[in-house]
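Just so it is clear, none of the values below were taken in a lab; they were calculated from the coordinates. Quick caveat, the model's predicted, so the values are computed rather than measured. FYI the Cβ positions are ideal-geometry reconstructions off the backbone, even for glycines, and counts take in every protein chain you see.
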Amino acid sequence: MEVERELREALARDEFELHFQPQIGAARGELLGCEALIRWRHPQRGLVPPLSFIPAAEQAGLIGEIGVWVVRAACAQIARWKAEGLAFGCVAVNLSANEFRDSALVDTVRDAMQQHGVRPDEFEIEITETVLMTEAAALRIVADLQALGISIAVDDFGTGYSSLAYLKRLRPRTIKIDRGFLKDLPEDEEDRVVVEAIVGIAQALGIEVVAEGVETEAQRDYLCGAGCHILQGYLIARPADAQQYAQWLAARP
Ligand code: G
Ligand code: G
Ligand code: MN
Ligand code: NA
């Protein structure tokens, strides 16, 4: 398969890179960390976004190898920021549900953290809600990752297989309300009802809520008032490569 060969070459040639988007406290604006987002620096096509190659990587059975690259690259970046004396908080990586089929993931994460001297509070894993995440084997891998001391964030919350039993079993530190629920805030009454219900459930379960895709001050003000704990979005900063992100960090008061 053509795409498969291209993706293998991209791995071999080290053409992937991570970009970073900050997360800040909703009430006080302090830096909490960032989400790492993969891009493919294609020699001809330029910077390729993940939606253009992650689905193909899943189909080609290459998502596991890309996940290993992402985990190692994030840990290596953490070590570099530390060496530079930058306060970066916690770095969250995205892993596909398919990667929770292989318990080798736990060794990959443990080894990468050890190799780069990454503390558990400096590393987080984002997973999306799917039926797979209710399977015993996948839940076991999540529990083994949590036993390393790292936290789990449920991504795109509200769009997938959400059930309260699932939240109770997964015990995430945060849930990320999908951008789709935020884009028409604060005007849309149904979206307000959804957001407030999610915040209420999360609070009752001791889970923090991340609002992602925050673009306007009106959205931010509404989300703060509704009790969201953490903000991420273009209003704060767009995803940026490691060098630009380090500059953004260094420029903060
Ligand atoms: O980065 P962008 O801004 O385009 O992200 C689009 C989608 O790609 C998001 O749903 C995000 O979760 C996913 N994504 C980003 N980086 C990674 C990654 O490293 N691995 C996987 N599996 N998905 C990613
Ligand atoms: O992993 P996830 O599906 O949550 O990926 C987040 C996606 O949202 C990435 O594609 C990222 O570039 C994008 N994103 C982040 N902030 C904003 C924003 O404020 N507005 C929009 N439209 N997209 C955003
Ligand atoms: Mn994400
Ligand atoms: Na998301």
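Mind pulling the per residue volume of the convex hull built on the Cα atoms of the stretch 68-190? Å³ is fine.
For the stretch 68-190, the hull spanned by Cα atoms encloses 114 Å³ per residue.
Got the relative contact order for the stretch 1-75 handy, in percent, Cα pairs under 8 Å and 6 or more residues apart?
In percent, rounded to a whole number, it is 29.
What fraction of the Cα pairs in the chain, stated in percent, has a spacing above 22 angstrom?
56
Return a whole-number percent for the relative contact order of the chain, with Cα pairs under 8 Å and 6 or more residues apart as the contact set.
Relative contact order, the chain: 19 percent.
Please work out how much length the chain gains when fully extended from ARG173 to GLU65, using 0.36 nm per residue of separation minus the C-alpha to C-alpha distance, in nm with one decimal.
Net length gain for the segment: 36.3 nm.
Quick check: pseudo-label points 7 Å beyond the Cα along Cα→Cβ at ASP107 and GLN244, how many nm apart are they?
Spacing of the two 7 Å Cα→Cβ label points: 3.8 nm.
Over the chain, what is the percentage of antiparallel beta bridges among all DSSP beta bridges, to the nearest 5?
Around 40 percent antiparallel, to the nearest 5.
Please give the length that would be gained between ALA83 and ALA147 if that part of the chain were fully extended, namely 0.36 nm times their separation in residues minus their C-alpha to C-alpha distance (nm, one decimal).
Stretched out fully, the ALA83 to ALA147 stretch lengthens by 20.4 nm.
Work out, step by step, the length gained on full extension between LEU47 and ARG252: first 0.36 nm times the residue separation, then minus their alpha carbon distance; give nm to one decimal.
That pair, LEU47 and ARG252, stretches by 71.1 nm at full extension.
With each label point set 7 Å from Cα along the Cα-Cβ vector, what nm distance links LEU205 and ALA12?
With each label placed 7 Å out from Cα toward Cβ, I get 4.4 nm.
So how long is each side of the stretch 135-174 along the principal axes, counting just the alpha-carbon atoms, biggest first, in Å?
For the stretch 135-174, the Cα extents along the three principal axes come out at 28, 20, 14 Å.
What net charge do the residues around GLU196 carry, taking every other residue with its C-beta under 14 Å from that of GLU196, with Lys and Arg at +1 and Asp and Glu at -1?
-3
Any idea how far apart ALA137 and ALA165 come out in nm if each label point goes 7 Å out from Cα toward Cβ?
2.1
Can you compute the charge dipole magnitude of the chain about its Cα centre, using +1 on each Lys and Arg Cβ and -1 on each Asp and Glu Cβ, nothing else charged? Give it in debye, rounded to the nearest 20.
700
If you take all C-alpha pairs in the stretch 11-132, what percent of them are over 16 Å apart?
Of the Cα pairs, 64 percent sit more than 16 Å apart.
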